[in-house]
Amino acid sequence: MLTLGVVTVAAAVGVPLALNLTGDEDDGSLRFDAPDSESGVSDVVISPNGKILAGRCDEFVQLWDTRTRQSLGKLPVSNLSWVHTLAFSRDSRMVAAGTDDSVVHLWSTTTRRSLAVLEAKDTWGIKSIGIAPDGNRVYGNDGNVVWVWNRLDKQPSGSLRPTGPTGLELKYSALAPDGKTLAVACGNGTVSLMSTATRRETTRIVCESVITQLAFSTDGKILAGIGDREESVLLWDVPHAADKNPVIGSLTHTHSSPTALAFGSGGKTVAVAYDDDTIRLWGVSSRRVTKTITLSSDESATQGLAFSTDGAFLAVTRNGSGHLWNLR
């Protein structure tokens, strides 16, 4: 049965979540859209406190408040720029967006007002961002270097770059939950772990393919990565990354390539989206599939995954729409 209008589902903090859902989908999910965006919702993140869901909608960021069950509206970026990446601060008081014109926008999630506009010079656009636990330092990967800003000064305080030849592309970066380590996937098939204190490379992991996505477990002890020629998601032991073989396992779904991944709260589960229209939840310790979600047939790859804080729901974005699955 199709139900139009606002549909309420249980949210991460045990209160209703209203996302202007358009109705029940054939695959059992609930769908949500951003009607003001021509290309729809491309990615989604959920705040650490579970109260806010943010959607990347190319030219703006759409927020929904899970407590009041109301849309918080949209946060526009600069004219003629597009949002590439999103992140929340640890205390959930800020949301950040990196754009294709090499700017990081910071907003207050309480007032929805701009807190800072952080600019990088002569870059390729911000591909991935991270906010330090204290909320003051912001990291933005532009494909060439990872810029470091002091939010209060609004000026770059320096940059990080793994050791490598001139022109080495930085495909992706992920900040560890404690803010002490930045993982950077490079175009030469390596992943560099860099100290944010010294801004130097501490460990380099050599991979068999170029890693295009990275994610830390919530305790920071495991790093997961998707390779561009892999059927597997690789798992690395971060505390022992300097060992000859820090790979502690792989999550392999034969004849299908992963397109997105996300760790659940507690780091015991990782969700992986595949190009065969499935999402599989894996036990990190067992390396076994605990649940399979079959999506409606679609030529579009899943672009974003995000768990609710309590692990009850999984948010997914593909083909310009967001979908919610009840995992319980």
* Asked: Of the residues that make up segment 119-127, is at least one assigned to a strand (DSSP E or B) and buried (at least 22 other Cβ atoms within 10 Å of the Cβ)?
  -> no
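What tally of residues in segment 176-204 results from selecting those that are acidic (Asp, Glu) and exposed (fewer than 15 other Cβ atoms within 10 Å of the Cβ)?
1
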* Structure fact -> Here the residues within segment 128-166 that are assigned to a strand (DSSP E or B) and not hydrophobic (A, V, I, L, M, F, W, C) are SER128, GLY130, ARG137, TYR139, GLY140, ASN141, ASN150, GLN155, PRO156, SER157, GLY158, SER159
* Condition check for ALA132: over 19 Å from MET194 (Cα atoms) and either in contact with a Cys (Cβ under 9 Å, 6 or more places away or on another chain) or modelled with pLDDT of 95 or more (or both) -> no
* To do: Write out, first by first residue and then by second, each pair whose Cβ atoms fall under 6 Å of each other, whose residues are 6+ apart or on separate chains, and whose first residue, in segment 159-181, is on the phi > 0 side of the Ramachandran plot while the second is surrounded by fewer than 22 Cβ atoms within 10 Å (Cβ to Cβ) and assigned to a loop (DSSP other than H, G, I, E, B).
  => GLY179/ALA132; GLY179/PRO133
* Structure fact -> Of (1) over 25 Å from PHE88 (Cβ atoms); (2) surrounded by 17 or more Cβ atoms within 10 Å (Cβ to Cβ), SER286 satisfies every one except (2)
* strands (runs of 3 or more DSSP E) wholly inside segment 1-112 that include at least 1 residues being at pLDDT below 80 -> 8-10, 16-18, 21-24, 30-32, 60-65, 70-76
* Considering only segment 184-241, state which residues are among the aliphatic types (A, V, I, L, M), in contact with a strand residue (DSSP E or B) (Cβ under 6 Å, 6 or more places away or on another chain) and not in a strand (DSSP E or B). => VAL238, ALA241
* Just give me the residues in segment 245-301 being among the polar types (S, T, N, Q) and not in a strand (DSSP E or B), in sequence order. => ASN245, THR254, SER256, SER257, SER265, SER285, SER286, SER296, SER297, SER300
* Please work out if THR309 is in contact with a Pro (Cβ under 8 Å, 6 or more places away or on another chain), more than 26 Å from THR202 (Cβ to Cβ) and either small (Gly, Ala, Ser) or not in a strand (DSSP E or B) (or both). => yes
* Structure fact -> Scanning segment 169-180 residue by residue, those part of a strand (DSSP E or B) and within 19 Å of CYS207 (Cα to Cα) turn out to be LEU170, LYS171, TYR172, SER173, ALA174
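The values are calculated or read from the model by the stated rules, or taken from the named source; none is laboratory data. These figures come from a predicted structure and were not determined experimentally. Note that we place each Cβ from the backbone using ideal geometry, even for glycine, and neighbour counts take in every protein chain shown.
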